[in-house]
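As structure tokens, the structure follows; a few thoughts come after it.
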Amino acid sequence: MAEKKVFGLLAEFDSAQSIYPACEAVRDEGFKHWDAHVPFPVHGLDRAMGLGPSKVPWIVLGMGLLGATLGFTLEWWTMVVEYPTPIAGKPFFSWPAFVPVTFELGVLFASLGAVFGMFGINRMPTFHHPLFSSERFGAFSDDKFFISIEARDPLFDERKTKKLLKKLGATHIEEVMEE
């Protein structure tokens, strides 16, 4: 049977007030492969973790412009090129009539870009993750706060990392194994 490999360390904290400075300290130590797991949004935690701005707004903008362009092009193609139909003597290319469909397709594509862009960036859905094997980790969606530091991080040294997390106020530290 293959020997289990260490995934990393999971440190439990009791409150948002205790995890915030802990995230700042882990960031300042220089760790790159780590994450914070909290039951509700903690204002400013992304800054404390050193995360940059989200790419989702750019995905939404791009998809919205793509949808609007496709909607406008579809209407132009059907009304001017493929099937020009004279309606009450109006010109074939009457752009004000194209605005509602252009707007609606822009909104549709932007919303799809938001949903699927967020799923892609967050690598969702995740059906299995080594942290799921921890019994205590289930409390992150209820009332506990966690920091996980992965063993693949270049600065990871189990003994030193445990010592750091204990110094930062972790109430429980657990070694998580890969399955």
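Values quoted throughout were computed directly from the atomic coordinates according to the rules given, and no laboratory measurement underlies them. All values reported here derive from a predicted model rather than from experimental measurement. Quick reminder, even Gly has a Cβ in these numbers, built from the backbone with ideal geometry, and neighbours come from all protein chains shown.
Can you give the calculated 222 nm mean residue ellipticity of the chain, where each DSSP H run of n ≥ 4 adds -39,500 (n - 2.57) and the sum is split over every residue, rounded to the nearest 500 deg cm²/dmol?
Working: 5 runs with 73 residues, N = 179.
Calculated at 222 nm, the ellipticity per residue is -13500 deg cm²/dmol.
How about segment 27-98: which trypsin sites (Lys or Arg not before Pro) there lie in a loop by DSSP and see at most 13 other Cβ atoms within 10 Å? Don't jump to the answer; show the numbers that get you there.
Numbers: sites: R27, K32, R47, K55; in loops: K32, K55.
Those that pass, being in a loop and sparsely packed, are K32, K55.
Under a GNM of the chain (C-alpha, springs under 10 Å), which listed residue has the highest mean-square fluctuation: D35, D46, D142?
Per the Cα network of the chain with a 10 Å cutoff, D142 tops the list.
Using the Karplus curve 6.51 cos²θ - 1.76 cosθ + 1.60 with θ = phi - 60°, what ³J(HN,Hα) values do you get for each residue of segment 52-57, in whole Hz, with x for Gly and Pro?
Per-residue couplings from phi come out as x, x, 6, 8, 4, x Hz.
For a quick check, take a GNM of the chain with Cα springs below 10 Å and name the residue from W58, W95, W34 with the largest mean-square fluctuation.
Ranking W58, W95, W34 by mean-square fluctuation puts W95 first.
Determine the gain in length on full extension of the stretch T78-M124; use 0.36 nm per residue of separation and subtract their C-alpha separation, reporting nm with one decimal. Numbers along the way, then the final one.
On the way: separation 46, 0.36 × 46 = 16.56 nm, distance 3.83 nm.
Taking T78 through M124 to full extension adds about 12.7 nm, to one decimal.
Normalised by the empirical 2.2 N^0.38 Å for globular proteins, what value does the Cα Rg of the chain take? Can you show the working numbers first?
Values: Rg = 25.1 Å, N = 179, 2.2 N^0.38 = 15.8 Å.
My calculation over the Cα atoms of the chain gives 1.59.
Picking from A16, A97, A139, which is most flexible by a Gaussian network model of the chain using Cα springs under 10 Å?
Fluctuation is largest for A97.
HN-Hα J couplings of segment 25-31 from phi, Karplus 6.51/-1.76/1.60, θ = phi - 60°, integer Hz, Gly and Pro as x?
5, 5, 4, 5, 5, x, 5
What's the extension gain from F103 to F132 if we count 0.36 nm per residue and subtract their Cα-Cα distance? Could the numbers behind the result be given before it?
Values: separation 29, 0.36 × 29 = 10.44 nm, distance 4.26 nm.
6.2 nm is the gain from fully extending F103 to F132.
Tell me the angle of helix 99-121 to the major Cα principal axis of the chain, expressed in degrees between 0 and 90 and rounded to the nearest ten.
That helix lies at roughly 20 degrees to the long axis.
For segment 62-76, take each phi angle, set θ = phi - 60°, evaluate the Karplus expression 6.51 cos²θ - 1.76 cosθ + 1.60, and give the result in whole Hz per residue in order, putting x for glycine and proline.
x, 5, x, 5, 4, x, 5, 5, 5, x, 5, 5, 4, 5, 4
Beyond 27 Å between alpha-carbons counts as too far, so tell me which of K55/K162; K32/K163; K144/K166 fall in that bin.
Working: K55/K162 33 Å; K32/K163 18 Å; K144/K166 16 Å.
Long pairs (Cα-Cα over 27 Å): K55/K162.
Rounded to whole Å, give me the distance from the Cα center of segment 16-38 to that of segment 146-179.
Between the Cα centres of segment 16-38 and segment 146-179 lies a distance of 11 Å.
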